[in-house]
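First comes the structure, then the notes that go with it.
Taken together, the values in this text are just the output of simple stated rules run on the coordinates, not laboratory data. Since this is a predicted model, take the numbers as computed values, not measurements. All Cβ positions, even for glycine, are placed from backbone atoms using ideal geometry, and neighbour counts span all protein chains on display.
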Ligand code: HEC
Ligand code: HEC
């Protein structure tokens with residue numbers, strides 16, 4: 001991807017995120033601490049008691065410390081079927097803008113230790129990919145967007161502490177799960193060529209590396 005198209009996508013992202021925040025503020029509705037607690041507990045039944053992620057019949061992603069804009073963006077993508085997941089469609093489509101804003105703040109402030117459980121053998125190779133990319137395959141350094149510490153920024157998600165098996169699944173299935181409304185392209189297009197170029201071994205290494213970062 002050249003810099004110009006990256007710039008265009010970045011500009012579109014900024015506009016989209018400003019409009020969601022504006023919508024939440026317009027409503028001006030406060031969420032009671034009781035309602036927020038109940039909803040947060042509900043999310044944690046799947047996403048782990050401290051929102052650090054959970055391994056059930058498949059990996060449930062960590063939400064703790066996640067960027068608010070990224071969470072908002074993904075919940076919207078589930079509702080609009082740009083991101084395919086029937087469970088999260090049901091969860092997301094009932095959230096009011098005020099509840100959404102309250103939830104994203106709540107998760108941003110959680111900081112549990114990574115769940116762990118990844119094989120450690122290829123962590124060093126994963127670190128190299130994370131920091132330097134794979135120049136021969138045109139893969140830019142992950143750090144250039146997700147941050148040197150993998151904490152993310154705005155629309156760029158935090159990867160630190162994310163479950164390695166979740167990361168592996170997402171990168172492997174990118175084309176089938178993200179950007180599913182071709183008439184309404186979104187920020188998932190930024191990751192598409194990157195997910196595509198990585199080999200399965202490289203995906204597993206970089207997933208193992210990020211999963212153990214605090
Ligand atoms: C019944 C289980 C369940 C509940 C309850 C649930 N989730 Fe999820 N959530 C999932 C699964 C499974 C995924 C992974 C989807 C995938 O693999 O793409 C997910 C993914 C997400 C993602 C995308 C994360 C990422 O890293 O891209 C967000 C954001 C999210 N959930 C937020 C919430 C919030 C907020 C709540 C509570 C209001 C909630 N979830 C409740 C099962 C659940
Ligand atoms: C040019 C910027 C850019 C680079 C470089 C980049 N990413 Fe991303 N990445 C993004 C954006 C933007 C998203 C959010 C996509 C969306 O909104 O659907 C994302 C999402 C992801 C996700 C999904 C996270 C989740 O919680 O579901 C993973 C995993 C990921 N990137 C891994 C990587 C890895 C590994 C590398 C390096 C090999 C990398 N990224 C390089 C921009 C980038």
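Extending 7 Å from Cα along the Cβ direction at residue 30 and again at residue 105 yields two label points whose distance is 1.1 nm. Between residue 58 and residue 182, the contour length at 0.36 nm per residue exceeds the alpha carbon distance by 41.9 nm. Taking segment 31-66 and a reference point 7 angstrom along Cα→Cβ of residue 96, the backbone N atoms nearer than 19 Å belong to 31-43. Within segment 88-214, the proportion of C-alpha pairs whose separation exceeds 22 Å stands at 40%. Each semi-axis of the equivalent ellipsoid for the chain is √(5λ) with λ an eigenvalue of the Cα gyration tensor; in descending order they amount to 27, 21, 15 Å.
What FRET efficiency, computed as 1/(1 + (r/R0)^6) with R0 = 22 Å and r the Cβ-Cβ distance, is obtained for residue 132 and residue 153, rounded to the nearest 0.05? Using R0 = 22 Å, I get an efficiency of 0.65. The packing ranking of peptides 158-168, 44-54, highest mean first, is 158-168, 44-54, where packing means the average number of other beta carbon atoms within 10 angstrom of each residue.
Sorting 29, 123, 94, 206 from the fewest to the most surrounding beta carbons within 10 angstrom yields 94, 29, 123, 206. Please list the three semi-axes, largest first and in whole Å, of the ellipsoid equivalent to segment 102-174, using sqrt of 5 times the eigenvalues of its alpha carbon gyration tensor. Value: 23, 16, 12 Å, ordered largest first.
As a calculated quantity, the FRET efficiency between residue 125 and residue 173 at R0 = 25 Å, using C-beta atoms, amounts to about 0.70.
As an exercise, use a Förster radius of 30 Å and the Cβ-Cβ distance of residue 80 and residue 49 to find the FRET efficiency, rounded to the nearest 0.05. Walk me through the intermediate numbers first.
Working: r = 30 Å, r/R0 = 1.00.
The formula returns an efficiency of 0.50 here.
Using C-alpha pairs below 8 Å separated by at least 6 residues, the relative contact order for segment 3-211 is 24 percent.
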